[in-house]
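Working notes for the structure below.
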Amino acid sequence: KPNLKKLEERGLIKNTGTEVFIRQEFIDLVDGNFGQMFAELCATYPMKVGSPGNYRILHAADPSAKANEKARTRYRKFVGTDLNKHKKVIQGLNVMLTHSQGKLKFLQALEVWINAHGWEKWESIEEVNDNDGRVNRVF
């Protein structure tokens, strides 16, 4: 049986005494879209790096694969169902990938990158494209 008083204190429900209203925060907590967020992370993060015949696999192609279990668990601990945290991670990843073009062979495995909070190194950098094709970093 749920503890209605604690749920109300956390702002997840509204208890009028005769009726209990569930708030969106409760629905997001229970029904969060973590699967979609992790799938987006796997789709954005390179699956393999290297040259033909000399590849290193960074994560499994299927987000629900057993090989991604550690990465999924670590990402769930950090993000949970918080879409803003997820967007921050994806933004940092995109900046890193833009800046690291040509140097991708040095990327860490996905689970290591998540554990090390690799996106935090890139979150204060904004990419600016000049007309001459160069990419400048603004801090």
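Things to note:
- With distances taken between every two different alpha-carbon atoms, region 61-110 has a Kirkwood hydrodynamic radius of 12.4 Å.
- Calculated FRET value between I125 and E8, using beta carbons and R₀ = 30 Å, to 0.05: 0.10
- Here is how the number arises for the chain: DSSP H runs of 4 or more residues each give -39500 (n - 2.57), the sum is divided by the residue count, and the result at 222 nm is -12500 deg cm²/dmol.
- With the cut-off at under 16 Å, measuring from each backbone N in region 34-63 to a point 7 Å along the Cα-to-Cβ line of K103 picks out 50.
- Computed accessible area, H59, all protein chains, 1.4 angstrom probe, square angstrom: 10 Å²
- Of the GluC sites (Glu not before Pro) found in region 1-68, those that fall in a DSSP loop while having at most 16 other beta-carbon atoms within 10 Å are E19.
- Positive contributions from Lys and Arg (+1) and negative ones from Asp and Glu (-1), summed over other residues with Cβ under 10 Å from the Cβ of N15, come out at 0.
- Mean separation of Cα contacts under 8 Å, 6 or more apart, over the residue count of region 1-88: relative contact order %: 19 percent
- Choice from I125, I114, I13 showing the highest fluctuation, given a GNM over the chain with Cα pairs closer than 10 Å: I13
The values are calculated or read from the model by the stated rules, or taken from the named source; none is laboratory data. Since the model is a prediction, treat every value here as computed from it, not as a measurement. When we count neighbours, we look across all protein chains shown, and the Cβ atoms used for this are built from the backbone with ideal geometry, even at glycine. Ligands, DNA and RNA are excluded from the accessible area calculation, which covers all protein heavy atoms including side chains. Shrake-Rupley method; radii C 1.70, N 1.55, O 1.52, S 1.80 Å.
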